[in-house]
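The block underneath contains the structure these notes are about, expressed in structure tokens.
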Amino acid sequence: MTNRSFLTWFALGHFANDWPVTSLWLIVPTAGLAMGLSPAEVGLLFTICNFGGALAYLPAGILADHVSNRGRLLAATFWWVAVGYLLAAMAPGFWSLALLLAVAGLGDAAWHPIATGVLTRDNKHRRAHVLGIHAIGGSLAEVLSPLAVGFLLAFVDWREALVISALPTALMGICFFWVARAVPRVEKKSVSKRTLLNLLNIWRRGSGPRLVAMICLYNMALMALLSMIPLYLADRHGFGPGAAGIAFSAMLIVGALAQPWVGKLSDIAGRRPVVVFGNLAAALAALLMIFQPSLWIMIPAMMLAVAALTAIRAAILAGAIDHVGHSEGSTLGFAFALMDGIGALGAVLAGIAAGFAWPAMFGLAAGFSLGAAALGLVTVFGGLAVSSARVRS
């Protein structure tokens, strides 16, 4: 199978695994309204879902670096996701729903470091570019899934919508058995305590702590906006699920399509200017939203903030790999864990802020982005030459 075929199939796999996860952007607020939940409780539900998934990232990344048959691991993730969300659709209450969504998210989380580890291992000189191509699948799911589920919720309740949203994942689970056999195998290695300690020490040195903080603040900003925008549109502007789905999808599509090109730009021009500019653009847009202008200004401002943050995701992940220089799966697992673990706190904090006032929520998101931009300015992003030298040493 050619490299282009792998990129296509892996993007499709990302799309299928993320489809039910991204449907939650509308399903969770709808479930919250049906259950009478507050904005803070809706934000907490998102945080629990993402934190649960974050528990799988690092173990999956370590497996990607040490298990020979990575294709079998990738194929298994689809069935974990599909069955998990089918069970979540039967949850009787808040805590059971939160727990089952978190468990279902483990399968989707496991896909990311394994798949991106496979791709970046074989494309060392264009890491951000291939990460951006892979990310198109997930980003298109974020665009199309809320759009589809927004219309779906006009005819069915949130439980039925969740069941239907799991069907594309199950279908890809069948198709991927063929692809899994073609995934290149690597030498099987045992996981040692020394290996993990060496990886931890790399993150503790140099720009590692600043890079960790930047990744967390970046995703806190993105999670704050994504988790609260549908609620904001419903609360302040009376949007129904269908209208909210259209608006939300429109906000995501620009950043989704831009990821490969922005990633390629960061491969050429460097990570810092791309990361700093993206966070600053999002911060300025969020600061504008504090003043609550008309809806026709708010929508473009939301689009700019979400697109800017979404577009630079591949560059940030590639920066994490550049810092370590090896163990791609473990490194990406760690980065994803930061994003969906600590970074997911942005959702519950935004929900608490929205409980006071919507401008406070947008101000919080702006603060997160400004913090990430400031850290990006003082972070030394390791280039490919630095990474290679570190590997040789």
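The values are calculated or read from the model by the stated rules, or taken from the named source; none is laboratory data. This one's a predicted model, so the numbers in the text were calculated from it and none came from an experiment. Positions of Cβ are backbone-derived with ideal geometry, glycine not excepted, and every protein chain shown enters the neighbour counts.
General remarks:
- Qualifying residue in region 277-288 (condition: at pLDDT 95 or above, more than 17 Å from Gly367 (Cβ to Cβ), in a helix (DSSP H, G or I) and not hydroxyl-bearing (Ser, Thr, Tyr)): yes
- The lone exception for Glu160 - which of (1) more than 30 Å from Gly270 (Cα to Cα); (2) among the acidic types (Asp, Glu); (3) surrounded by 24 or more Cβ atoms within 10 Å (Cβ to Cβ) it fails: (3)
- Some residue of region 201-217 being modelled with pLDDT under 90 and either charged (D, E, K, R) or buried (at least 23 other Cβ atoms within 10 Å of the Cβ) (or both): yes
- Enumerated helices (runs of 4 or more DSSP H) restricted to region 314-383, each holding at least 1 residues that are on the phi > 0 side of the Ramachandran plot, buried (at least 24 other Cβ atoms within 10 Å of the Cβ) and free of Cβ contacts under 8 Å to residues at least 24 places away in the same chain: none
- Qualifying residue in region 92-108 (condition: over 25 Å from Pro168 (Cβ atoms) and part of a helix (DSSP H, G or I)): yes
- The one condition in (1) in contact with a helix residue (DSSP H, G or I) (Cβ under 8 Å, 6 or more places away or on another chain); (2) free of Cβ contacts under 8 Å to residues at least 60 places away in the same chain; (3) surrounded by fewer than 23 Cβ atoms within 10 Å (Cβ to Cβ); (4) small (Gly, Ala, Ser) that Ala110 fails to fulfil: (3)
- Selected residue (only one of Leu87, Leu45, Leu63 is surrounded by fewer than 22 Cβ atoms within 10 Å (Cβ to Cβ), touching a Leu at 6+ places or on another chain (Cβ under 8 Å), in a helix (DSSP H, G or I) and free of Cβ contacts under 8 Å to residues at least 60 places away in the same chain): Leu87
- On the stretch given as region 1-29, residues that are in a helix (DSSP H, G or I), β-branched (Val, Ile, Thr) and surrounded by fewer than 21 Cβ atoms within 10 Å (Cβ to Cβ) total 1.
- When restricted to residues that are surrounded by fewer than 24 Cβ atoms within 10 Å (Cβ to Cβ) and touching a His at 6+ places or on another chain (Cβ under 8 Å), region 113-135 contains 2.
- Members of region 304-348 found to be modelled with pLDDT under 85, closer than 24 Å to Gly367 by Cβ and in contact with a Ser or Thr (Cβ under 9 Å, 6 or more places away or on another chain), listed by number: Phe336, Ala344
- Among residues of region 262-280 that are closer than 21 Å to Gly371 by Cα, those with a beta-carbon under 7 Å from a residue that is assigned to a helix (DSSP H, G or I) and of a type in the set (Ser, Thr, Tyr) at least six positions away or on a different chain give the pairs Val274/Ser266; Asn279/Tyr218; Asn279/Ser369.
- Candidates Leu45, Leu86, Leu100, filtered to the one that is under 19 Å from Met223 (Cβ atoms) and at pLDDT 85 or above: Leu45
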